[in-house]
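A short worksheet on the structure shown next.
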Amino acid sequence: MLSKRIIPCLDVKDGRTVKGINFVDLRDAGDPVALAAQYAAQGADELVFLDITATHERRKTMIEMVKSVARQLNIPFTIGGGISEIADAEALLNAGADKISINSAAVKNPQLIEDLAKNFGVQFVVLAVDTKHINGKNIVHLNGGRLITELETESWIKRAEDLGAGEILLTSMDHDGTKQGFDCNLLAKINQMINIPIIASGGAGKMEHFTEVFQKTGVDAALAASVFHYGEILIPNLKQELKRNNIPVRNP
Amino acid sequence: MKDNDKKSTLGVLGVGVVNYGAGNIFSLTAALERQNIAFGMVNTEADLEKYSHIIIPGVGHASAAMKKLAQTGLVNAIKALKKPVLGICVGMQLLTQHSEEGNVNLLNIIPLQTKLFDKNLGIKIPHMGWNTVDFKNHLLFENVAEGTQFYFVHSYFIEYNPIFDIASVNYGNKFSAAIQKDNFYGVQFHPEKSGEAGERLLKNFSNLSS
């Protein structure tokens, strides 16, 4: 049976991970390679690295980091942040990234999704969507939620699927940071609409939230950052809890 | 020990990775490196002679991959190989007769069909993630625990046929996760991304006797 995936998300700046990470036994908590290895050892199914600086000049640093991660890591990983052209994607692919996540660039130029899928296959293209509930509608936002667009989330995701996105990383801005649980209503709705995998993001606070999102929505994966980084949820415990609730998970 | 002796008498060692431009091979060579498996790139027919084992990697589109492989001029030499050959993902599909992806004829080393997943089975496509592989008692899976999951990512699959199947998996329907005919092996999942079990499988492959 296909397992539900648990995905820690790491923020990277200048090739270093940021945000409080409190793993014991880690000499250098900012080293993305060491952290990635630690998460893999704990049983994470996949990792997402989000480049929060992502300027053109700093791209080189990121490529070097991706190479180091790929050298060490024996599970798949996705790179996101600032990818706006085929050349960016190709450099990351050649450095060992399994997937790339695109967001703003795809909104500005939807053709990018199709071009990436044609060049590298749909499995390489994750569309990240940040959504916020406004006046009864779900609206796509950019720049970490600071910039509103005119796109309705449902139609944008549907269009992205048609263009060749292989997976959707859906973050609810309303739930993100609240630790009150994932936006199950929206996730269930989107999951009904499309036929590609969905990663749920935003709102994870305790283990029950993961159980809930898998039981209620049919999503394929759940992503979280701080609950993992601060050790509030340990992945082995989470896997056990999910298993107890008859949710198929990988035993590493 | 026996294997090593054999290899040294042949004067060849290690894994040759067919370098035909279908997708990134950095993750694969990194995994070989982690397992201390010697490897090099195969670009020419002469390169095929340099190694005791050959891997055909591959991601992306089957017909595009087949085209690229044909451009290397290596097709006949690969088909004639007598040493262990492992196709990974699209590299595995290339070993089959035909793919529905681009409706293309492939190497036809193993008489099987590569087919598109049926959306009507209520499954998402691509098949992406960790799935349980049901394998037979086979050297490729030596020291891999029963019920182990491997990492898959693909939209086309190889039909199940008990004659060539050495491992199967369920997604919508039952299909082959690993196949073998003579010295040709294929795995649909990505051993280089499948944690320790995947690394074990690569090691097992590199230990198969020629």
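If R0 is taken as 35 Å, the Cβ-Cβ distance between A:ILE86 and B:ASN108 corresponds to a FRET efficiency of 0.55.
Taking 0.36 nm per residue of separation and subtracting the Cα-Cα distance, full extension of the segment from A:ASN119 to A:ASN245 would add 41.3 nm.
Placing +1 on each Lys and Arg Cβ and -1 on each Asp and Glu Cβ, with no other charges, gives chain A a dipole about its Cα centre of roughly 400 debye. Out of the GluC sites (Glu not before Pro) in the range B:89-167, which ones are loop residues according to DSSP with at most 10 other C-beta atoms within 10 Å? Sites meeting the loop and neighbour criteria: B:GLU146. Taking the charge dipole of chain A about its Cα centre, with +1 at Lys and Arg Cβ atoms and -1 at Asp and Glu Cβ atoms, the residue from A:ASN185, A:VAL107, A:TYR39 reaching farthest to the positive side is A:TYR39. Mean-square fluctuation check for chain A, GNM, Cα pairs under 10 Å: which of A:ALA128, A:ALA91, A:ALA160 is largest? Result for chain A, Cα springs under 10 Å: A:ALA91 fluctuates most. Inter-label distance, B:GLU45 to A:ALA41: 5.0 nm, where each label sits 7 Å from its Cα along the C-beta direction.
Mean partner shielding of peptide A:35-48, defined as the number of other chain Cβ atoms within 10 Å of each residue Cβ, is 1.
Taking R0 as 41 Å, what's the FRET efficiency between B:ILE123 and A:GLU64 from their Cβ-Cβ distance, rounded to 0.05?
0.60
Under a 1.4 Å probe, what is the accessible area of the protein assembly as shown per residue, stated in Å²?
Averaged over the residues of the protein assembly as shown, the accessible area is 41 Å².
A straight Cα-to-Cα reach below 14 Å connects B:LYS115 with the aspartates and glutamates B:GLU100, B:GLU101, B:GLU159, residues fewer than 8 places away in its own chain not being considered.
Excluding same-chain neighbours fewer than eight residues apart, the lysines reachable from A:LYS179 by a Cα-Cα span under 25 Å are A:LYS4, A:LYS13, A:LYS19, A:LYS132, A:LYS137, A:LYS189, A:LYS206, A:LYS216, A:LYS239, A:LYS243. From most to least packed by mean Cβ count within 10 Å, the peptides A:93-104, B:111-122, A:77-88 give A:93-104, A:77-88, B:111-122. Charges on Cβ only, +1 for Lys and Arg, -1 for Asp and Glu, centred on the Cα centroid of chain B; of B:HIS138, B:MET41, B:ASN76, which one is farthest towards the dipole's positive end? Among B:HIS138, B:MET41, B:ASN76, the one farthest towards the positive end of the dipole of chain B is B:ASN76.
Between A:ILE52 and A:LYS137, the FRET efficiency from the beta-carbon distance, with R0 = 45 Å, is close to 0.95.
Take the accessible area of chain B alone and of chain A alone, subtract that of the pair, and you get about 2600 Å² summed over both chains, using a 1.4 Å probe.
Can you give the charge dipole size of chain B about its Cα centre, rounded to the nearest 20 debye, using +1 on the beta carbon of Lys and Arg and -1 on the beta carbon of Asp and Glu?
160 debye
Any idea what angle helix B:195-207 forms with the longest principal axis of chain B, computed on alpha-carbon atoms, 0 to 90 degrees, nearest 10? In chain B, helix B:195-207 runs at an angle near 50 degrees to the longest axis. Take each residue of peptide A:112-122, count the partner chain Cβ atoms within 10 Å of its Cβ, and average: the result is 3. Peptides A:235-248, B:20-33 ordered by packing proxy, namely the average of other Cβ atoms within 10 Å per residue, highest first: B:20-33, A:235-248.
Can you pull the percent of the range B:89-183's accessible area that's carbon plus sulfur, 1.4 Å probe, other chains left in place?
The value for the range B:89-183 is 44 percent carbon and sulfur by accessible area.
Set Lys and Arg Cβ to +1 and Asp and Glu Cβ to -1, take the dipole of the protein assembly as shown about its Cα centre, and tell me which of B:LEU94, A:SER84, A:THR53 lies farthest positive. Farthest towards the positive end: B:LEU94.
Using a/c under 1.5 as the rounded threshold, could you call chain B rounded, prolate or oblate? The axes a ≥ b ≥ c are square roots of the C-alpha gyration tensor eigenvalues, and prolate needs a/b larger than b/c, oblate otherwise. Oblate. Counting only residues at least eight positions apart within a chain, or on another chain, the lysines with an alpha carbon under 17 Å from that of B:LYS79 are B:LYS50, B:LYS67, B:LYS68, B:LYS181.
Label-to-label distance, A:LYS206 versus A:ARG146, with points set 7 angstrom from Cα along the beta-carbon direction: 3.4 nm.
Per-residue mean of foreign Cβ neighbours for B:149-157 is 4 (Cβ atoms of other chains, 10 Å radius). Placing a pseudo-label 7 Å from each Cα along the Cα-to-Cβ vector at A:MET193 and B:LYS181 gives an inter-label distance of 4.5 nm.
The values are calculated or read from the model by the stated rules, or taken from the named source; none is laboratory data. Not measured: the values here are computed from a predicted model. Here the Cβ is made from the backbone with ideal geometry for all residues, glycine too, and neighbour counts use every protein chain on show. Keep in mind that these areas ignore ligands, DNA and RNA; they rest on the heavy atoms of the full protein, side chains included. Shrake-Rupley method; radii C 1.70, N 1.55, O 1.52, S 1.80 Å.
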